[in-house]
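> Structure in structure tokens, see below.
The values are calculated or read from the model by the stated rules, or taken from the named source; none is laboratory data. These numbers come from a predicted model, not from an experiment. A quick note on method: Cβ atoms are made from the backbone with ideal geometry, for glycine too, and the neighbour counts reach across all protein chains shown. Just the protein is used for accessible areas: all its heavy atoms, side chains included, with ligands, DNA and RNA removed. Shrake-Rupley method; radii C 1.70, N 1.55, O 1.52, S 1.80 Å.
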Amino acid sequence: MSGSADSADSLRSADPVPAQVPGPASAPVPPAAARTVEGDDPLDRAVWRLRSRGCWHDAAVLLEPHAARHAPAALRRAALLVERCMFTATGWAEAEDALRAAEALAGDDEERGEAACERGHLAYTATVLGVRDRADEARSALGRAAALLAPTAAGRPLLDFRRGLMAEHVADSADAARAAYRRAHAGATAHGDILLLSFTWRHLAGLALRDGELAEARHGFTESLRIREELGFLVGTAPALVALADAAPDDEAARLRTEAARLFRLMGGVPTWLAGQLPPDPTDS
């Protein structure tokens, strides 16, 4: 399941990396915002470094003192733990507890909408990983988020992306997924959400590959990998390498999958759903 389990959340990288990111070939996109991915706050940087290396629990611990009374911190903490579920298929109870805490603290429509977006994503994750069918809950929560988040809200591009995931991997509607990914790509560009762009590039490229548009697919996968490498999003680099391998000539594809396997082992077998797509560890023979 190369594309279905790759996801993004509402946290952004703390390492400022300027990027000039054009939109997909067929998607009109507003000019990119003149900002980087995150600021210079020491806590943000520490959380990003842990998250980017797959240390979601440790990152959540850093946010815990702030999350007790501060709704945005509670939401960030919940998003970290939801992402851990996606990458590891573990930690479901802790993610649910964090989400309930974030929902209880939400004080306005934007915070309630972002909490609903996370709840929808957790339900989607459980469904797509085969843990439990929660598709109806995912649809309901994402629909609630859409009603609460204004079209220009900072969380709207992430919501559009996640609705695209539902359309592609639950409803099996490539056209609806493509439209949602394009909206997410445009919004991420406008808001300067560089990490989310790595996901929209990747999933639009996946649909292009499915349609036989090899050049477009290769371009999108290359952009996704480039962004993740520049941001230092180590835990998301192996999936990006495997995706690019799917659109590469055989010799290059083998090299990319070998590098992905090396990173996968370095990360302790994360993301778990990537295991079946990688060459075996030569030390196991």
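> Do you know which of the residues in the stretch 44-94 that are open to solvent by 50 Å² or more (accessible area, probe 1.4 Å) and β-branched (Val, Ile, Thr) is farthest from Pro239 (Cα to Cα)?
Val61
> Only one of Gly107, Gly91 is more than 20 Å from Asp172 (Cα to Cα) and in contact with a Cys (Cβ under 6 Å, 6 or more places away or on another chain); which?
Gly91
> On the basis of being small (Gly, Ala, Ser) and over 16 Å from the mean Cα position of the chain (by Cα), does Gly212 make the cut?
Answer is yes for this residue.
> Here is a list of conditions, (1) in a helix (DSSP H, G or I); (2) farther than 19 Å from Cys55 by Cβ, and Ala247 meets all of them except one; can you say which number that is?
(1)
> Only one residue in Arg163, Arg144 is within 17 Å of the chain's Cα centre (by Cα), modelled with pLDDT of 95 or more and open to solvent by 60 Å² or more (accessible area, probe 1.4 Å), so which one is that?
Every option except Arg163 fails the conditions.
> Separate question: Could you figure out which of (1) open to solvent by 20 Å² or more (accessible area, probe 1.4 Å); (2) in a helix (DSSP H, G or I); (3) out of contact with any Phe, Trp or Tyr (no Cβ under 6 Å at 6 or more places or on another chain); (4) over 25 Å from Pro151 (Cα atoms) isn't true of Gly268?
Just one mismatch for Gly268, condition (2).
> Take Asp58 and tell me if it is under 20 Å from the mean Cα position of the chain (by Cα) and modelled with pLDDT of 95 or more.
Yes, satisfied.
> Here are some conditions: (1) more than 22 Å from Ser224 (Cα to Cα); (2) charged (D, E, K, R); (3) under 18 Å from the mean Cα position of the chain (by Cα). Arg182 meets all but one. Which one does it not meet?
(1)
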